[in-house]
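The values are calculated or read from the model by the stated rules, or taken from the named source; none is laboratory data. None of the values given here were measured: they were computed from a predicted structure. Ideal geometry is used to build each Cβ from the backbone, glycine not excepted, and the neighbour counts take in all protein chains shown. The accessibility values were calculated without ligands, DNA or RNA, using every heavy atom of the protein model including side chains. Shrake-Rupley method; radii C 1.70, N 1.55, O 1.52, S 1.80 Å.
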Amino acid sequence: MIHYNDKNKTFHLQNDQISYVMKVDEYGVLSHCYFGSRLPRYSNYLSYPVIHRDFEVDFVDQNQKTKRDWSLGNILQEFPGYNHGDYRHPALILRQMDGSSVTDFRYQSYEIIKGASSIEGLPHAYVDSSELAETLKVRLGDPIHSWFVDLYYTVFRNHPIITRWAVFRNESAEPVTIERMASFSLDLSPRPSEIIQLNGAWGRERMLEREAVHRGRKVYDSKRGTSSHQQTPFMALVSPNTTENQGVALGVQLVYSGSHELSVEQDPYQQIRLQAGIQSTGFHWKVEPDQEFATPQVVLAYSEDGLNGMSQAFHHFLKNHLIPARFRDKERPVLINNWEGTYFAFTEERLHAMVDSASDLGVELFVLDDGWFGKRDWDDSSLGDWFEYKTKLPHGLKGLADYVHSKGMQFGLWFEPEMISEDSELYRQHPDFALHTPGRAKSYGRNQYVLDMSRSDVQDHIYHQMVAVIEHTGLNYIKWDMNRHLSEVYSSAFPYDQQGEIAHRYMLGVYALMSRITSRYPEILFESCSGGGGRFDLGILAYMPQVWTSDNSDAVARLKIQYGTSLMVPTNAMGAHVSAVPNHQTGRKTPLASRAAVAFYGAFGYELDFTKLTKSEQSEIKDQVAFYKNHRTLFQQGTFHRLLSPFEDDGNLTAWSLTNDSQTESMVMVFQVLRKASQPLQVLKLEGLKSECQYRVTQVLGEGAWGATLSKEEGGPEAEAMSLTDSACDDSNSNNSGVESGFQSFEASGAELMKAGFYLYPQVTKDFVGRLFYVEAIK
Ligand code: DGJ
């Protein structure tokens with residue numbers, strides 16, 4: 001998969017789908033040649049012409065030899081330096097002991113390694129067998145100091161994906177300080193481009209925004225100490241004509257959960273530079289002699305099949321090479337989480353009633369959220385005291401766990417391991433454990449402080465407390481939350497000239513703790529969370545296979561949140577729950593069926609108190625759970641296609657689907673937010689089917705369902721009882737009245753369904769209607 005042409009000094013990384021080509025130029029600069037669809041071979045004449053540009057400085061080497069017309073600013077580079085004639089943004093800035101900062105690395109050697117190399121202390125992609133990938137290590141060196149940069153590139157046999165990262169090594173006699181180091185830098189020759197990025201806020205995570213790349217440098221970043229709700233470490237460079245199914249899309253995701261910086265820069269000659277890495281504001285890293293510093297990994301995906309092509313490339317890659325392999329094919333249980341059902345105000349009795357009802361409805365995992373430890377009745381106490389709250393749980397956690405297990409269900413618990421409350425035993429004993437800057441006030445966030453996770457004694461303390469609870473209780477699931485961002489970042493464990501390292505050392509400490517716990521308990525299902533989806537990134541997914549996507553569980557709000565999130569990760573990584581109405585975040589009342597229609601496209605569960613529902617709502621939920629279980633493999637393992645975007649037109653219609661590998665079945669969701677007068681008819685075109693195959697399309701959920709019960713073969717006996725009608729928002733328990741005639745099940749070829757599409761008719765008669773269509777191959 002990796003070839004070096006000695007004559008032309010080119011490296012060609014390729015598989016059946018992509019090629020990535022670099023060249024060592026006549027002055028030893030590692031320059032970029034090509035990243036795109038597979039080229040059988042790369043001819044040297046395709047190289048980027050170096051032309052004269054006024055006011056670019058001329059190249060000079062160590063012997064003061066100079067070359068007019070040849071400037072670092074005019075070439076496409078793989079890892080550009082600083083203060084030496086390239087005025088675009090550098091990948092690396094080094095501050096030397098004498099204060100100087102020229103950074104100029106040139107090619108020295110290369111090595112080809114079988115498989116995918118690991119990065120110590122940082123999450124990264126893996127392979128099950130060394131046949132599945134090859135890694136190129138290119139060593140660059142400084143002309144006067146014994147400093148080296150090793151650039152790593154891994155190409156994977158079955159994916160249009162390249163991973164990159166870099167390691168700086170100091171073999172000189174003096175320390176040197178890194179002021180900025182990107183994980184990757186990629187220069188592309190001119191082309192009209194747009195960027196898609198995912199930004200947001202609490203309860204409104206990963207909103208898709210698309211904008212033209214203009215002259216200058218645009219940065220998408222987080223300085224919050226986490227990847228954040230505000231800016232996800234993802235971006236995609238696309239052409240103006242790229243759609244969901246056509247056109248070029250180059251996706252970038254950082255495998256990192258801390259403060260980050262992604263950028264796109266267009267220079268005067270329309271050369272484009274993409275970069276991603278650790279946030280450089282406030283960052284310094286002192287590298288002592290014989291030490292090294294490794295950046296986080298970046299994952300690059302290339303597709304000419306539009307955004308669906310790019311995100312499917314990411315999804316398949318993450319399932320096979322990043323999310324822990326033990327969860328690859330493992331069924332995720334249907335869960336109930338008590339948080340929105342009770343918040344902190346639960347009693348053992350109430351929890352038992354919730355467990356009983358969940359078990360009756362077919363739910364498989366009961367999760368006790370915040371409030372079970374220390375003396376936690378509100379958000380202002382007990383974080384750091386990971387022992388049971390006896391007043392609330394007279395029979396202890398073990399008693400509750402045994403009760404849940406006796407019902408044949410699994411038991412899960414919430415932790416917030418990185419935090420400390422001022423009102424806690426831990427704080428009274430170790431006030432210095434809280435991240436703080438000496439002499440300055442500590443900011444509160446949600447009434448709590450952040451633990452100094454850069455310290456191994458702090459990590460140990462939390463680790464041992466968690467192990468004790470896990471051992472005592474027999475946990476099957478852990479929700480790992482993180483409810484504030486970092487401030488006053490400083491650690492008393494490090495000297496003054498290493499304080500710029502603490503934000504990154506915090507992340508390394510968290511990864512060390514996650515790695516210790518998850519590897520000690522590989523059978524436990526971990527779900528990450530940070531006030532909803534505030535830390536949803538590939539760094540986390542390398543330890544925990546699913547993430548709570550957002551605290552906003554309103555079905556309408558979730559359309560955009562899940563649509564945006566699907567650009568980067570597979571649906572089974574996104575926690576998605578049906579919650580009560582009026583929704584606690586938006587106040588909106590949506591039908592129970594619509595809430596399920598959206599939540600089915602995620603790691604599915606419920607977050608309400610079943611005991612407060614009517615009998616008919618309970619029975620509808622029982623049907624939903626049975627339906628989900630009948631189609632669980634399709635929902636959890638299918639290939640995801642986005643069909644109609646809530647970010648386009650007026651956002652009234654969203655559609656997406658999951659299709660199995662053999663393309664014999666697909667489950668399509670269509671959601672209409674508002675009913676409108678004189679609404680034009682809508683055509684829905686499907687994706688991912690076999691053109692020549694004949695399919696039957698049946699509406700199986702939502703208003704207008706015709707013959708709404710599934711056949712016995714489809715759904716088994718329980719399915720027959722399913723009246724998949726439009727259900728109550730709250731008390732109305734409405735039926736399908738108002739629908740003139742139902743949707744007719746019909747048969748058509750895959751080609752027809754994908755090219756001509758079908759009319760969404762009859763039109764729905766209410767607001768907030770989610771419908772599911774089951775598409776099944778019949779010949
Ligand atoms: C924030 C999470 O996103 C919620 O789901 C819940 O676990 C609360 N924290 C508990 O404090």
Test: residue 440 is over 25 Å from the mean Cα position of the chain (by Cα), closer than 20 Å to residue 258 by Cα and touching a residue at least 40 places away in the same chain (Cβ under 8 Å): no
Which number in (1) in a helix (DSSP H, G or I); (2) in the same structural domain as residue 482 (by the TED database); (3) open to solvent by less than 10 Å² (accessible area, probe 1.4 Å) marks the one condition that residue 557 misses? (3)
How many residues does region 499-540 contain that are part of a loop (DSSP other than H, G, I, E, B), away from the ligand (no atom under 16 Å from the Cβ) and either on the phi > 0 side of the Ramachandran plot or not charged (D, E, K, R) (or both)? 3
Suppose the filter is closer than 25 Å to residue 72 by Cα and polar (S, T, N, Q); does residue 228 pass it? no
Would you check if residue 352 is open to solvent by 40 Å² or more (accessible area, probe 1.4 Å) and not assigned by the TED database to the domain that holds residue 542? no
Can you find even one residue in region 235-244 that is open to solvent by 10 Å² or more (accessible area, probe 1.4 Å), assigned by the TED database to the domain that holds residue 306, closer than 30 Å to residue 644 by Cα and out of contact with any strand residue (DSSP E or B) (no Cβ under 8 Å at 6 or more places or on another chain)? yes
Scan of region 409-439 for residues that are within 16 Å of the ligand (Cβ to nearest atom) and either under 30 Å from residue 500 (Cβ atoms) or not assigned by the TED database to the domain that holds residue 606 (or both), ordered by number: 415, 416, 417, 418, 419, 420, 421, 423, 424
I'd like to check something: does region 522-531 contain any residue that is touching a strand residue (DSSP E or B) at 6+ places or on another chain (Cβ under 7 Å), over 22 Å from residue 343 (Cβ atoms) and not β-branched (Val, Ile, Thr)? yes
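Conditions (1) more than 22 Å from residue 161 (Cβ to Cβ); (2) in contact (Cβ under 8 Å) with a residue 24 or more places away in the chain; (3) β-branched (Val, Ile, Thr), marked per residue:
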{"residue": "14", "(1), (2), (3)": "no, yes, no"}
{"residue": "24", "(1), (2), (3)": "yes, yes, yes"}
{"residue": "30", "(1), (2), (3)": "no, yes, no"}
{"residue": "42", "(1), (2), (3)": "no, yes, no"}
{"residue": "59", "(1), (2), (3)": "yes, yes, no"}
Please enumerate the residues belonging to region 749-759 that are in contact (Cβ under 8 Å) with a residue 40 or more places away in the chain and open to solvent by 10 Å² or more (accessible area, probe 1.4 Å). 749, 751, 754, 755, 756, 757, 758, 759
Have a look at 406, 382 and point out the one that is more than 12 Å from the ligand (Cβ to nearest atom) and among the small types (Gly, Ala, Ser). 406
Any residue in region 503-516 that is more than 27 Å from the chain's Cα centre (by Cα), under 29 Å from residue 402 (Cα atoms) and not basic (Lys, Arg)? no
Of (1) open to solvent by less than 30 Å² (accessible area, probe 1.4 Å); (2) more than 21 Å from residue 501 (Cβ to Cβ); (3) touching a Leu at 6+ places or on another chain (Cβ under 7 Å), residue 149 satisfies all except one. Which? (2)
Failed condition for residue 332, given (1) of a type in the set (Lys, Arg); (2) under 28 Å from residue 148 (Cα atoms); (3) surrounded by 21 or more Cβ atoms within 10 Å (Cβ to Cβ), with all others met? (2)
